[in-house]
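Notes for the one structure printed next.
What follows draws every value from the coordinates through simple rules; no lab data is involved. As the structure is a computational prediction, the values presented were derived from the model and not from experiment. Heads up, the Cβs are rebuilt from the backbone with ideal geometry, glycines too, and the neighbour counts pull from every protein chain shown.
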Amino acid sequence: MSVTMTPAATERVKSFMVNRGKGLGLRLGIKTTGCSGLAYVLEFVDDLNEDDNVFDIEEVKIIIDTKSLVYLEGIELDFVKEGLNEGFKFTNPNAKGECGCGESFNV
């Protein structure tokens, strides 16, 4: 099982964690929503759940629950700046399609 992050994403998550001052890592998950059916969710993690999978990437812990991991296996997390916009970008080999705005995907 693999989850990867670009150096830009790793540095951004490290920065968020330092600014927050606490926490174990960042949870990457999915929720049912959007035009295409599934959307990515990012949130800070203070406590692990029983079904969590932890990926240590360059001193950053990415936490994915078992249910979400089925849809996120092999994902790469990037942080991009495009003009005045910046944010996380997901390259998911399991996604068969995305909505036009890029906020949701389907498998």
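Quick notes on this one:
- Mean-position separation - Cα centroids, region 30-64 and region 2-17, in angstrom: 13
- Counting charges near Glu11 (Lys, Arg +1; Asp, Glu -1) among other residues having Cβ under 14 Å from its Cβ returns a value of -1.
- About its Cα centre, the dipole of region 4-95 is roughly 300 debye, where the only charges are +1 on Lys and Arg Cβ and -1 on Asp and Glu Cβ.
- Rounded to the nearest Hz, the phi-derived 3J(HN,Hα) couplings of region 8-16 under the Karplus curve 6.51 cos²θ - 1.76 cosθ + 1.60 (θ = phi - 60°) are 4, 5, 4, 5, 5, 5, 4, 4, 4, where x marks glycine and proline.
- Taking other C-beta atoms within 10 Å as the exposure proxy, Thr66, Thr32, Thr10 rank Thr32, Thr66, Thr10 from fewest upward.
- All other residues whose Cβ lies under 10 angstrom from that of Gly87 are scored, Lys and Arg at +1 and Asp and Glu at -1, for a net of 0.
- Label zone at Asn49, where the point sits 7 Å out along the Cα-to-Cβ direction: region 1-43 residues whose backbone N lies under 13 Å: 27-32, 41-43
- Amide H to amide H, with H built 1.01 Å from N, Lys61 comes under 5 Å of Leu26, counting only residues 5 or more places away or on other chains.
- Model label sites at Leu24 and Glu86, defined 7 Å from Cα along the beta-carbon direction, differ in position by 2.9 nm.
- Percentage relative contact order, region 4-95, counting C-alpha pairs under 8 Å, at least six apart: 29
- Pairs of Lys residues in region 4-95 that lie 8 or more places apart, or on two chains, and have C-alpha atoms under 13 angstrom apart add up to 5.
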